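A short worksheet on the structure shown next.
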Amino acid sequence: MIDPSKPRSLGEKIRHRLFGAPIATSQAHNERLGPLVGLAVFSSDSLSSVAYATEAILAVLILFATQGNLAPLGWQWPISLAIVGLIVIISISYTQTIHAYPTGGGSYIVASENLGYQPYGLVAGAALLIDYILTVAVSVAAGVAALLSAFPVLHGHLIDLSILFIAIIAWANLRGVRESGAVFAVPTYGFVVAMIAMLGAGGYRVLTGSGVEFPKIVASPETFGSEANYAAWFIVLRAFAAGCTALTGIEAVSNGVQAFRPPEAKNAALTLRNMAILLAVMFLGMGWIALHLPTVNLLPAHDPASRTVSSQVAAFAFGLNSPGFYGVQIATMLILVLAANTAYADFPRLASLIARDGYLPRSLARQGDRLVFHNGIIVLSVAAVGLVVYFQGALEHLLPLYAVGVFTAFTLSQAGMVVHWRRHHSKGWQRSLVVNFVGAVLSLAVLIIIAYTKFSEGAWLVLVLIPMIYGSFVWVKNRYTYVNKQLEVTSATETSGGPSTHTALLLVPRVHQGILAALKYAKLTGLDHATGVHVSINEKSLQETKRMWDRFAGDVPLVVLSTPYRSLIRPVLDYVDELMEENPNQMITVIVAEGVAKNVLHKLLQENVAQQLKRALGARKNVVVANVRYFLD
């Protein structure tokens, strides 16, 4: 018996080398994740936001500060506390969602089931797809920024490095879930260890008097006080909205419950709890130490002299250019780049769910031979590369687009859970309803704040894209519904009219064994009528072709078509059209004998007329092109 997992061609051998051998469907349970690897796969996006969320807050607060008054920077701490409170509430809310939907309870499923597919479920799906694409672009851009902070000489290769990292992550995911999880586990836990060590060393320096109350700020001169005429509450809300990027990725676990080993819900909930604890501790630690640095560099990322806040905290904790400093930078770069894996874990899965419901092309619902949704991975990669190239890899231009989609999904998911608890009065449903209601109200409030304060910075683009994608969902669904209605089998189907005769046209460039084999095939199919068709390009060879045809296939008529412009395809098309006009109630099969060579170089010598005819005749009803192959040594 042939082993389907073994390659049988050069192309299959190359594919197996790059992406691994096929995995049988029966082995799918072996690709499931435990909490340890699951934390690496699903939390890298959320945990990595520690590297830029605090910086995003300070970058807004400095707009209200002046060189002589840095007091607004002190607002960073209460803002960070408010964000951590939001992290706790949203995490508890999604833990309840995981237990209520153990087969996978992402925003799309929860909103669709409880609020309806249109518009709520589809809006949630559109918002999440956009957010996952932005996750890849932002994470990779932030990772490259961390790398450039340690090695400024690479600054000119920002876009090239970003594209390279996206390609590597896509390749790892195309190899399969378990393999990508193993690849990402070491960098994720390496980042956690490096961050805890850095925060411990930095905290010790602050407590022993090495830090200062308000650091000296290095920024563009025009930055200070550039928005001092705005109301203080507006600046605080803008800074809060910027810091809410720390919450992106929290929903990922609830989307991927079925990626965990049994008991799926328990393992997923444990992963979410551990992720929330680590995120809150590291985010608060980073924010507290940042306010006690001697100097804070807040130059824009495109400035060669810029340094990320996390790199400055590392330099403060371990010393600039020390092994600890480079260790933190490398760990940060890796986790930020690999944070994109959260999107790779969830985007293809979500796209497959939407496709199965008929709102996206069905090709996105298909799993490849490595048990991954390979088409979704490719779409995500191409879209993320497009964003990076368009925005030139500038993190400050990508961040304003971030979080709009995720808080839209948060709001719809929590609102859906409120409806769920009102319908299903399971044990403790009143308490769960209150938690999800609070989560829905807070998520909606944050969404309004983000949309309002970031609108002119680029949030408008996401707010425009969501309805556009929603419209495409509806169009795809309507198209599939129309096609299904056309193809529906009814009682009238059996008596409906159709072709009553069948004609075969065999293309005869010259008479040889391959042509005679194709003629034999035509006769074996029991066709009502068969005709040889010769397109006469060379008058000198026409007589020889007729003579050979009369000798070996004299019982079948041969039609000779003239071709004034030396075209092989056009005369055949015209002849087929003439036959269909004479008898519209017939099926015509155009048979092409096709030589198949085993050697790659020999294949270059073969003229693939069959494929040209298939494309040309593809729009004609009741016309089929068949190629009968003959094999050449």
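Any chance region 63-78 includes a residue that's out of contact with any strand residue (DSSP E or B) (no Cβ under 7 Å at 6 or more places or on another chain), among the aliphatic types (A, V, I, L, M) and under 30 Å from Ser322 (Cα atoms)?
Within region 63-78, the first condition is being out of contact with any strand residue (DSSP E or B) (no Cβ under 7 Å at 6 or more places or on another chain), and the residues that meet it are 63-69, 71-78.
Narrowing further to those that are among the aliphatic types (A, V, I, L, M): 63, 65, 71, 73.
Filter once more, keeping what is under 30 Å from Ser322 (Cα atoms): 73.
Checked against the condition, which is being out of contact with any strand residue (DSSP E or B) (no Cβ under 7 Å at 6 or more places or on another chain), among the aliphatic types (A, V, I, L, M) and under 30 Å from Ser322 (Cα atoms), region 63-78 yields at least one hit.
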Just to be sure I understand, how many residues within region 52-71 are among the aliphatic types (A, V, I, L, M), open to solvent by less than 10 Å² (accessible area, probe 1.4 Å) and either at pLDDT 80 or above or within 35 Å of the chain's Cα centre (by Cα) (or both)? 5
Could you say which residue among Gly514, Gly595 is touching a Lys or Arg at 6+ places or on another chain (Cβ under 9 Å), part of a helix (DSSP H, G or I) and either open to solvent by 40 Å² or more (accessible area, probe 1.4 Å) or not aliphatic (A, V, I, L, M) (or both)? Gly514
For region 315-365, give me each residue that is closer than 21 Å to Ser112 by Cβ and either acidic (Asp, Glu) or not in a helix (DSSP H, G or I) (or both). Asp346, Asp357, Gly358, Tyr359, Leu360, Pro361
Every listed condition ((1) at pLDDT below 85; (2) open to solvent by less than 20 Å² (accessible area, probe 1.4 Å); (3) out of contact with any Ser or Thr (no Cβ under 6 Å at 6 or more places or on another chain)) holds for Ala339 save (3)
If we ask which residues in region 260-277 are open to solvent by less than 10 Å² (accessible area, probe 1.4 Å) and either over 14 Å from Ser91 (Cα atoms) or among the charged types (D, E, K, R) (or both), their number turns out to be 1
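State whether one or more residues within region 72-93 are part of a loop (DSSP other than H, G, I, E, B) and surrounded by fewer than 24 Cβ atoms within 10 Å (Cβ to Cβ).
Initially, region 72-93 is screened for residues part of a loop (DSSP other than H, G, I, E, B), giving none.
Among the residues of region 72-93, not one is part of a loop (DSSP other than H, G, I, E, B) and surrounded by fewer than 24 Cβ atoms within 10 Å (Cβ to Cβ), which makes the answer no.
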What pairs can you find where one residue is in region 313-331 and closer than 15 Å to Gly190 by Cα and of a type outside the set (S, T, N, Q), the other is modelled with pLDDT under 90 and not in a helix (DSSP H, G or I), and their Cβ atoms are less than 7 Å apart, with a gap of 6+ or different chains? Phe325/Gly319
Answer residue from region 443-466, given it is more than 22 Å from Ile79 (Cβ to Cβ) and open to solvent by 20 Å² or more (accessible area, probe 1.4 Å) and is farthest from the chain's Cα centre (by Cα) among those: Trp460
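Filter region 527-550 down to residues that are in contact (Cβ under 8 Å) with a residue 12 or more places away in the chain and not in a strand (DSSP E or B), then give me how many there are.
Let us first name the residues in region 527-550 that are in contact (Cβ under 8 Å) with a residue 12 or more places away in the chain, namely 527-537, 541-542, 544-546, 548-549.
From the residues that got through so far, the ones that are not in a strand (DSSP E or B) too are 527-528, 537, 541-542, 544-546, 548-549.
Adding up the residues that qualify gives 10.
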Within region 369-384, does at least one residue satisfy the condition of being assigned to a helix (DSSP H, G or I) and more than 14 Å from the chain's Cα centre (by Cα)? no
When the residues of region 94-111 are narrowed to those that are in a helix (DSSP H, G or I) and open to solvent by 10 Å² or more (accessible area, probe 1.4 Å), which ends up nearest to Val462 (Cα to Cα)? Ile109
Of all residues making up region 541-561, the number that are under 20 Å from Thr503 (Cα atoms) and open to solvent by less than 60 Å² (accessible area, probe 1.4 Å): 8
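Has region 321-336 got any residue that is open to solvent by 40 Å² or more (accessible area, probe 1.4 Å) and on the phi > 0 side of the Ramachandran plot?
Taking region 321-336 as the starting set, the residues that turn out to be open to solvent by 40 Å² or more (accessible area, probe 1.4 Å) are 321, 323, 326, 330, 334.
Now narrow it down to the ones that are on the phi > 0 side of the Ramachandran plot: 321.
For region 321-336, residues open to solvent by 40 Å² or more (accessible area, probe 1.4 Å) and on the phi > 0 side of the Ramachandran plot: present.
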Note on region 285-302: residues open to solvent by 30 Å² or more (accessible area, probe 1.4 Å), touching a helix residue (DSSP H, G or I) at 6+ places or on another chain (Cβ under 6 Å) and modelled with pLDDT of 80 or more are His292
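Taking the stated definitions as given, is Ala170 small (Gly, Ala, Ser), under 25 Å from Thr295 (Cβ atoms) and either open to solvent by less than 10 Å² (accessible area, probe 1.4 Å) or in contact with a helix residue (DSSP H, G or I) (Cβ under 9 Å, 6 or more places away or on another chain) (or both)?
Working: small (Gly, Ala, Ser): yes; under 25 Å from Thr295 (Cβ atoms): no; either open to solvent by less than 10 Å² (accessible area, probe 1.4 Å) or in contact with a helix residue (DSSP H, G or I) (Cβ under 9 Å, 6 or more places away or on another chain) (or both): yes.
For Ala170, the condition - small (Gly, Ala, Ser), under 25 Å from Thr295 (Cβ atoms) and either open to solvent by less than 10 Å² (accessible area, probe 1.4 Å) or in contact with a helix residue (DSSP H, G or I) (Cβ under 9 Å, 6 or more places away or on another chain) (or both) - is not met.
The values are calculated or read from the model by the stated rules, or taken from the named source; none is laboratory data. Treat the numbers as computed from the prediction; the structure is a model and nothing was measured. Ideal geometry is used to build each Cβ from the backbone, glycine not excepted, and the neighbour counts take in all protein chains shown. Ligands, DNA and RNA are excluded from the accessible area calculation, which covers all protein heavy atoms including side chains. Shrake-Rupley method; radii C 1.70, N 1.55, O 1.52, S 1.80 Å.
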